[in-house]
1. Using the crude model of +1 on Lys and Arg Cβ and -1 on Asp and Glu Cβ, and no other charge, please compute the dipole size for the chain relative to its Cα centre, in debye to 20.
2. Would you list the P(r) distribution for the range 84-123, with all Cα-Cα distances sorted into 5 Å bins from 0 and each bin expressed as a whole %?
3. Could you tally the net charge around R107, taking each other residue with its Cβ under 15 Å from the Cβ of R107, Lys/Arg +1 and Asp/Glu -1?
4. GNM, the chain, Cα, under 10 Å: largest mean-square fluctuation among G106, G160, G27?
5. Give me the Å³ per residue figure for the convex hull around the C-alpha atoms of the range 1-92.
6. Using a probe of 1.4 angstrom, how much of the accessible area of the chain is carbon and sulfur, in percent?
7. Quick one: net charge around W57, please, counting Lys, Arg +1 and Asp, Glu -1 for every other residue with C-beta under 14 Å from its C-beta.
8. Compute the accessible area per residue over the range 1-105, keeping the other protein chains in place, probe 1.4 Å, unit Å².
Amino acid sequence: MHEVKLSDGIITLSPLRLDDAEAHLAGEDELLVRWLNGGPGTRQGIEAYFRHCREQWDTAGPLRAFGIRTGPDEVLVGTIDLRFAGEGLAPGQVNVAYGLYPSWRGRGLATRAVLLASQYAASEGAAEAVIQVEPRNPASAAVAQRAGFTPGKPTHSSDGTRFDRYIRDLHAATR
């Protein structure tokens, strides 16, 4: 596969690499574990996940996982992934999930990442982007709203977890 690299001049999104594992583990905190990762990471687990992410890129699978990078050295500051298929998604929808490491929060980087990833999703044929947020995570909901997503109907996952949904029409966003 050719290397995908998206940038707005402040951040760059590029596929996660095995050599990102150490920075990811160093940046993981209680909030990322609770809202995004589902449990504390281990080097072995993170490396296995990053290999899976690379396989998804190489086979054009439904998962596209990016590292969020900034600065001339493209320091890893978080992750964002797109899922073009999955639980609760209609055809043409893409799920967007993101997380920043603690020292990089509050700078607008997550909003920038969501906007770049949404442009990429539209270029790959997605019509609508969906962000699912647990109600006790107002910071993530604020990112969705700053990125132009509007509240949709709340849903529940198969394990009963409630999610507030935020939706953005990607066709309208590219006009």
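The values are calculated or read from the model by the stated rules, or taken from the named source; none is laboratory data. The structure displayed is predicted, hence computed values, not measured ones. All Cβ positions, even for glycine, are placed from backbone atoms using ideal geometry, and neighbour counts span all protein chains on display. Ligands, DNA and RNA are excluded from the accessible area calculation, which covers all protein heavy atoms including side chains. Shrake-Rupley method; radii C 1.70, N 1.55, O 1.52, S 1.80 Å.
1. I would put it at about 520 debye.
2. Bin by bin from 0 Å, the calculated values are 5, 21, 24, 19, 15, 11, 4, 0.
3. Summing Lys and Arg as +1 and Asp and Glu as -1 gives +3.
4. Top of the fluctuation ranking is G160.
5. Numbers: hull volume 11.2 nm³, N = 92.
Spelled out: Cα convex hull of the range 1-92, divided by residues, is 122 Å³.
6. Roughly 52 percent, rounded to a whole number.
7. Spelling it out: positives minus negatives among the neighbours equals 0.
8. Per-residue value: 50 Å².
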